[in-house]
Amino acid sequence: MKAVDNDVAEVRLTVNGQAVEASVSPAATLQSCLHHKLGFREVRHGCGEGVCGACTVLIDGEPRASCLMLALQAEGRNIVTSDGLENQDAPDSERAALLREFFVERQAFQCGYCSTGILVSAAHHIASEGQQTTEGLRSALSGHLCRCTGYQQIVEATNAAAKGEAVSATNGSRPDLREKMSGEARYPTDRQIENPLIGRILWSEHPSARIRAIDTSEARRVPGVVAVLTHEDVPGRNLTGAVVFRKDQPLLATDQVRTMADAVALVAARDEESAHEAIRRIRVTYEPLPHVTDMYEAIHEDAPEIGSTGNIIAQFVEMHGDVDEAFRTADVVIEGDYATTLNDHATMELEGGTGWLEGETLMLTVPHQTPDTGQRGVATMLGISPDKVRIIAPRIGGSFGKYAAATIEGYLGLLVYKTRQPVRLVLGREEMLRRRSKRHPSAGHYRLGMRRDGTFVALEAEVLTDAGAYVWLTPAVAAVIPAEATGAYNIPNVRARARGVLTNNLITAPMRGYGSQQISFGIESIVERAAHETGIDPAELRQRNFKKVRTDGQGQPISNSPLFLDQTLNRVHERLGARPTPQDGWLHGRGFATVHAKYGYPYGMVDRFAVKVSIDSDGRFAVESDISDSGTAVPTEMTRLAAQDLGLAELPQYINNRAAIDDPSGVEFSSGRRASRFRAGLFRFIEYGQTNAASVLLNFTARMETRQLANLTRRISRPVNFFTAAANKFKNRLFPYNRDSFQPRFGSSRALSMCSLAVLDATGRLKKQALDTAARKLGVSADELTVVSEGVRRTKDDALALSWAQLAQDSGGTLSVMGEAHNPNGSLFDPATGNQRGPIDYMDASHGCDLAVNPETGEVKILKYAACHDVGYALNPVALRGQIIGGTAMGIGQALLEGLDVREGKIFNSGLHDYHVPTALEMPLDVEVELLESGSGMGFKGLKGIGESAAVVAPIAIVNALYDAIGVQVKRLPARPDEIVEMIAERGSDGQK
Amino acid sequence: MKYLRASTIEEAQSVIKDGGVVLAGGTVLVPKIAHEGAFGKTIVDIGRIPDLTEVLTTASHLRIGAMVTLAHIAADVAIQRDYGALAQAASAIGNPQVRRAATLGGNVALGTHTSDTMPALLALDAEVEYFGSAGMQTRPIADFVAAGNLITAIRVPRDGDVRSGFRKFAWRRASGISVVSVAVALRIKDGLISSSRLTVNGLSKHVVRLQKAESLLAGKAWTEKLADDAANAAAVEAVSDIEHSASEHYRRRLLKFGVRETLKEVMRA
């Protein structure tokens, strides 16, 4: 018998053909040993319970979850990680190499976090089963979760590799995937530094309670514990979270907790077990207070007050036409209540990272879509200068809006700052589900007035959205709701209102299609109900009312901007074709949905994209920007565009340039000098003034009567617009590359449309600069020269005058230029109506599906699925298809699977085993995607944003098909099988159809 | 925490009787250790004990070693043919990676209503062979208590006349936790159902037999109507005493549907 009774034990393994040895804790999993002790970073961690498959390796030739095995159990075993697949005996190694090529060619992954595990299972499947059915392959991959892709391109790539097809010569459109499919890629939660301290958080025990006492004395005595921190240890201001609209969230609770998401204390210890033990020994004495977790109760006068100024924290209205008169004269009025629930973003990478000190600079590898706000938040909390904090995350394992605001950087920052040692703080999946941000739930009452022929005449929408205990970005989410109230339809008389409400629920962060998702579900549901109640075909009713041209904030059409909503629906209709033959005993249904959802919402802010294109003295090109990679392909697309425009054979290197983030003036970024404190301070001051004014206005108007509010915004619209424009102009002039600091620097649907323009602006300037430099050097006029892919040629004899390398040498070693693109500076209000000006452009898409429902069990099978998106221009059709299928997968999850069990402000799901992110087996066999290229977008060749739209439209198409199948409308997502059975019974009893 | 790797059954049992925790496939225990810590417990790894991984066919039984994986059982052609319920139950658990780690012994030791092999094994009238304080013993699966004992094998009676099947309902097709699962085993002699065992999991704390429904089938010739009658009887007789996010009414529906459809499938095969 082998016995280990120490804190540390030796384990011997063979990994990728090499004998290795590691000292591990007996409680350490094989995944943790491989990743953290042995440095096989490709063995990733996503759930710790064998559901997500990110940690999959071959153990004695079989794909196994290395998180389900202790390192000591693996003693003597032969382990192959994804990076070692090609080292195996041929021919399996050749197949694995081919598979990798196909994954790149088919752009099978996006954020790439799940890719290394999937590689192992897919390679094993091909090697053991050879060419198999798609179903067989989906089963083989069903022990993996991918949040980005919807699996389809993964399955297609694997099939292609299994068949031994030839990899297309045009591959390489996602070269970033090569790195993501290996241990080379560093994600925030990966091993960054050897043997960091382990951080842990003690969370609130109540949704609302007064804290009487916090006793950490016992916890401090646990051997191995280095620090136990409470609010008393915060050196600066005890604040965290999204501080754009209100500074209301303490980093660590002082005398009160308002949500289960409140952190009370932090621990750093030498190992996991001591950290656990210390958390367990902190004694917090609570006095529970009454809590409110229902939005309708929260807006009641007698409700317990959660914030400092009442529970309604934002109110937005959209009004045009004469709504009351229109309803009076309408032939039909349809009413309904529709609610969207909270979802977890369920990024495959867990939330967290590692922090350490480099000199006096605090380095943090944490996911954050707006690193500027994150850095400044940490600096304020620590009472240090913002340039002493750096958030480094060139790529992350998924975000979907979650990290538009976060608090993890504050917890980690404080632990590092106090211990002066490297700390790793990564939340568990249960903590992420029970304690971290969720999508904003909403509840709305909708009234739609129409004429007998189906023409819509009036809409009233009254929506509440739940912020949770702190304001965060809720005003931005609430603002979208009335602005998009009419959805894809032309409705002349509208009164829509959305209010953001504080409750003692969890905190909320934007999630894919924030605001749009909530309101689209409402408007599409009331339209669907109207179709059912009037007997008009739902597709026809939509066609009759579609917006034909874009409208501005007054409901006035903008000339030369036609919309193609009708075509997207037509194409989906055609693709679905004849209805499928009904299967015995199953109920069949078909449903459609169309959305017209924002991308790029300036809210009066400066949203600028700056890109630097440079050539070094060896003639190597680089594209630099502050845009990081959450999987959306934006950085790679920038390099592709630059290569295309300059005619380069090889893609330039992409550099995630921190200077652009650290220095908002962009001076360092553009010329190597840092902005003076005064200039940087002035920039911040103006920004502060603007956001402060916004938050004052939000507070002031939150509880106003609707008409009074509209009057006010109309009256102040001109001065507000004037001052906003003036301030933005001033900022633009003074700080040549600035942008407002809470503008997301990861993805977001607008990113590519803007980045594409910035890159082309840069390449244009580069060509001009090359000509000027060459002309000066050669003493000729620039007119006599031409820029070609190798450098500059003399036009008359076509001889190469100067190569790029020479041009760079002549420019002092590097030839670099800046390119930029602006989102149109938003003017906030329309002077005629007081309504918001709204987004700069919209994503237009229709989805449709045929599904079958088993009336006895409530099981739903999606039989056929089609999507058509107006993408403007398809710069990378494969990537677009991947985004659309991935969004559809998320939509399937929202519609049918992803239920959070929430009661009295507490969430009871504990992992990915009971929060049901769709697996490959949940997906329809083929999501047919059609791209419509209208050229009407804001980007290069009229390309449009796309990323969020599929996730907004897909769940609605599915529930509309359910409505068609069972005759009862789903009013709250998700529709779980037992609820579907109940709804069918309900139809039986009241005869509704 | 203390980690022991046992090389014999006796070694393992000597640790277990003093409160040691058995580490079999690890799919349940390892996440727990990683998440909560083992806090001073002794973990005894039985993965290297040689005779626990055999599948043997004796004159009277199929004997499956406790450490045989669910993936192995699901893929075993002979088990698929003769013990359909067990093979189907094994293949319905978790996902491919989990099934390659999870063992039959471990799944039985869970003994709770989350074990999906239990209804199949109870329907097949399986026995647990274990090593306890009184040495090697065998007990019917329904009477087995895991505490202090080391499961060495599961023995399923060989009977060429028995046909069996299994069905699981979960919210998700892979990595789904069973809401309700049912198993049926029918002994067909001279065209008549001479005896049957119907089991369900998901309504009460333990896997239970549905004896009223079984008696309805006894001695009858197969008709589809018989399946309906048995399913209806099963849905009525099952005792429900656990809380679940799905209503009792719904779970009874699943039971009814499961019994009916599994009976039909078994008879079609």
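Would you mind getting me the FRET efficiency between B:ALA59 and A:GLU205? Use the beta-carbon distance for r and R0 = 51 Å, nearest 0.05. Intermediate values should be presented prior to the final figure.
Values: r = 60 Å, r/R0 = 1.17.
The formula returns an efficiency of 0.30 here.
Give the span of the stretch B:113-220's Cα atoms along each principal axis, as three whole-Å numbers ordered largest to smallest.
45, 36, 23
Using the Karplus equation 6.51 cos²θ - 1.76 cosθ + 1.60 (θ = phi - 60°), what ³J(HN,Hα) coupling, rounded to whole Hz, does each residue of the stretch A:904-920 give in order, writing x for Gly and Pro?
For the stretch A:904-920, the Karplus curve yields 6, x, 10, 9, 10, 5, 10, x, 6, 6, 10, 10, 8, 5, x, 9, 4 Hz.
How large is ³J(HN,Hα) for each residue in the stretch A:388-402, as worked out from phi by the Karplus curve 6.51 cos²θ - 1.76 cosθ + 1.60 (θ = phi - 60°), to whole Hz, x for Gly and Pro?
In residue order, the calculated couplings are 9, 10, 10, 9, 10, 8, x, 8, 9, x, x, 9, 6, x, 3 Hz.
Hey, can you rank A:785-793, A:873-881 by average C-beta count inside 10 Å, highest first? Show your work: numbers first, answer last.
Details: A:785-793: 17.9, A:873-881: 19.6.
With the highest mean Cβ count within 10 Å placed first, the list reads A:873-881, A:785-793.
Please give the Cα centre distance for the stretch A:926-947 versus the stretch A:386-438, rounded to the nearest Å.
Each part's Cα centre sits 34 Å from the other's.
So what is the relative contact order of the stretch B:113-269, in percent, for Cα pairs below 8 Å that sit 6 or more residues apart?
Details: 308 pairs, mean separation 33.1, N = 157.
That works out to 21 percent.
List the relative contact order of chain A as a percent without decimals, with contacts defined as Cα pairs under 8 Å and 6+ residues apart.
Values: 2447 pairs, mean separation 133.9, N = 993.
For chain A, the relative contact order is 13 percent.
Please list the radius of gyration and Dmax for chain B, considering alpha-carbon atoms only, with Å as the unit.
Values for chain B (Cα only, Rg and Dmax): 18.6, 59 Å.
Label A:GLU10 and A:ARG283 with points 7 Å out from Cα along Cα→Cβ: what is the distance between them in nm?
4.5
Report the one residue of A:ILE306, A:TYR296, A:MET319 whose Cα lies farthest in the direction of the positive end of the charge dipole of the stretch A:196-331 (charges on C-beta: Lys and Arg +1, Asp and Glu -1; origin at the Cα centre).
So the residue we want is A:ILE306.
What does the extension gain come out to for B:LEU192 and B:ARG81, with contour length at 0.36 nm per residue minus their alpha carbon separation? Mind dumping the intermediate values first?
On the way: separation 111, 0.36 × 111 = 39.96 nm, distance 2.03 nm.
Separation in residues times 0.36 nm, less the Cα-Cα distance, equals 37.9 nm.
In the stretch A:468-565, if every C-alpha pair distance is counted and binned at 5 Å from zero, what percent goes to each bin?
Spelled out bin by bin, the stretch A:468-565 gives 2, 12, 18, 19, 18, 13, 9, 6, 2, 0 percent.
Using a probe radius of 1.4 Å on heavy atoms only, what accessible surface per residue do you get for chain A? Whole Å² is fine.
Working: 33480 Å² over 993 residues.
Value for chain A: 34 Å² per residue.
Nothing charged except the Cβ atoms of Lys and Arg (+1) and of Asp and Glu (-1): what's the magnitude of the dipole of the stretch A:450-598 about its Cα centre? Round to the nearest 20 debye.
On the way: 17 positive and 14 negative charges, 61 e Å.
In total the dipole reaches around 300 debye.
To the nearest 0.05, how large is the calculated FRET efficiency for B:HIS244 and A:ALA985 if R₀ is 25 Å and r is the Cβ-Cβ distance?
Values: r = 18 Å, r/R0 = 0.73.
Plugging the Cβ-Cβ distance into 1/(1 + (r/R0)^6) gives 0.85.
Report the paramagnetic label zone for A:ASN195: residues of the stretch B:34-59 whose backbone N is under 20 Å from a point 7 Å from Cα along the Cα-to-Cβ axis.
No residue qualifies, since no backbone N sits under 20 Å from the label point.
Determine which lysines satisfy two conditions relative to A:LYS731: a Cα distance under 29 Å, and not lying fewer than 8 residues away in the same chain.
Result set, ordered by chain and number: A:LYS247, A:LYS388, A:LYS402, A:LYS598, A:LYS612, A:LYS767, A:LYS768, A:LYS941, A:LYS944.
What lysines sit close enough to A:LYS971 to cross-link, taking a C-alpha to C-alpha distance under 16 Å and skipping anything fewer than 8 places away on the same chain?
Output for A:LYS971: A:LYS993.
Express in whole angstrom the spacing between the alpha-carbon centres of the stretch B:53-82 and the stretch B:174-210.
19
Can you give me the Cα centroid spacing of the stretch A:244-276 and the stretch A:181-241 in angstrom?
Answer, in whole Å: 7.
Among A:PHE735, A:THR361, A:TYR603, flag the residue with its Cα farthest along the positive direction of the charge dipole of the protein assembly as shown, charges on Cβ as +1 for Lys/Arg and -1 for Asp/Glu.
Comparing the listed Cα positions along the dipole, A:PHE735 ranks first.
Could you work out how much longer the chain between A:ARG707 and A:GLU218 gets when fully extended? Use 0.36 nm per residue separation minus the Cα distance between them, nm to one decimal. Please report the intermediate quantities before stating the final value.
Details: separation 489, 0.36 × 489 = 176.04 nm, distance 5.81 nm.
Difference between extended and current length: 170.2 nm.
Working only with C-alpha atoms, what are the Rg and Dmax values of the stretch A:816-957, expressed in angstrom?
For the stretch A:816-957, the Cα-based Rg and Dmax read 19.4, 67 Å.
Can you give the accessible area buried between chains A and B, summed over both chains, with a 1.4 Å probe, in Å² to the nearest 100? Could the numbers behind the result be given before it?
Working: alone 35690 and 12900 Å², together 44070 Å².
That pair of chains buries around 4500 Å² in total.
Given a 1.4 Å probe and the protein chains all in place, what does the accessible area of A:TRP356 round to, in Å² to the nearest 10?
Estimated to the nearest 10 Å², A:TRP356 gives 40 Å².
Please compute the average number of Cβ atoms from other chains found within 10 Å of each residue's Cβ in peptide A:45-58. Write out the running numbers ahead of the final one.
On the way: counts 1, 0, 2, 5, 10, 15, 8, 3, 5, 0, 1, 2, 1, 0.
Mean shielding by partner chains, rounded to a whole number: 4.
Using only DSSP helix segments of four residues or longer, with each worth -39500 (n - 2.57), what per-residue ellipticity at 222 nm results for chain A after dividing by its residue count and rounding to 500? Provide the component values of the computation, followed by the final result.
Values: 26 runs with 317 residues, N = 993.
Roughly -10000 deg cm²/dmol at 222 nm, from the helical runs in chain A.
Which ³J(HN,Hα) values in Hz, rounded to whole numbers, follow from the phi angles of the stretch B:14-25 under the Karplus curve 6.51 cos²θ - 1.76 cosθ + 1.60, where θ = phi - 60° and Gly and Pro get x?
Once θ is set to phi - 60°, the couplings for the stretch B:14-25 become 4, 7, 4, 5, 9, x, x, 9, 6, 9, 9, x Hz.
Between B:GLU36 and A:SER168, with labels modelled 7 Å along Cα→Cβ, what's the label distance in nm to one decimal, could you check?
The two pseudo-label positions are separated by 5.1 nm.
State, in angstrom, two size descriptors of the protein assembly as shown derived from its alpha carbons: Rg to one decimal place and Dmax to the nearest whole number.
31.4, 108
Any idea what the dipole of the stretch A:700-821 comes to, in debye rounded to 20, about its Cα centre with Lys/Arg Cβ at +1 and Asp/Glu Cβ at -1?
Numbers: 19 positive and 11 negative charges, 193 e Å.
Roughly 920 debye, rounded to the nearest 20.
I want to check a number: in chain B, how many lysine pairs have alpha carbons closer than 18 Å, given a sequence separation of 8 or more or different chains?
So the count works out to 17.
Roughly how many nanometres apart are two label points built 7 Å out from the Cα toward the Cβ at B:LYS17 and A:LEU925?
Label-label distance for B:LYS17 and A:LEU925, simple model: 5.8 nm.
Determine the share of the stretch A:845-968's accessible area contributed by carbon and sulfur atoms, expressed in whole percent, with a 1.4 angstrom probe. The partial results should precede the final answer.
Working: 1330 of 2600 Å².
With neighbouring chains kept in place, the figure for the stretch A:845-968 is 51 percent.
If you place +1 on the Cβ of every Lys and Arg, -1 on the Cβ of every Asp and Glu, and leave all else neutral, what size is the dipole of the protein assembly as shown about its Cα centre, to the nearest 20 Debye?
Working: 139 positive and 148 negative charges, 337 e Å.
Charge dipole, the protein assembly as shown, about its Cα centre: 1620 debye, nearest 20.
Return the calculated 222 nm mean residue ellipticity for chain B, to the nearest 500 deg cm²/dmol, obtained by summing -39500 (n - 2.57) across DSSP H runs with n ≥ 4 and dividing by the residue count.
Numbers: 11 runs with 98 residues, N = 269.
Value at 222 nm, helices only, nearest 500: -10000 deg cm²/dmol.
For the stretch A:884-982, what relative contact order do you get, as a whole percent, if you take Cα pairs closer than 8 Å and at least 6 residues apart? Mind dumping the intermediate values first?
Numbers: 103 pairs, mean separation 42.4, N = 99.
Across the stretch A:884-982, relative contact order equals 43 percent.
Taking the radius of gyration and the Kirkwood hydrodynamic radius from Cα positions alone, what is the Rg/Rh ratio for the stretch A:13-57, to two decimal places?
Across the stretch A:13-57, the Cα-based Rg/Rh ratio is 0.96.
The values are calculated or read from the model by the stated rules, or taken from the named source; none is laboratory data. Just so you know, these numbers come straight off a predicted model, no measurement behind them. Positions of Cβ are backbone-derived with ideal geometry, glycine not excepted, and every protein chain shown enters the neighbour counts. Surface accessibility is based on the protein's heavy atoms, side chains included, excluding ligands, DNA and RNA. Shrake-Rupley method; radii C 1.70, N 1.55, O 1.52, S 1.80 Å.
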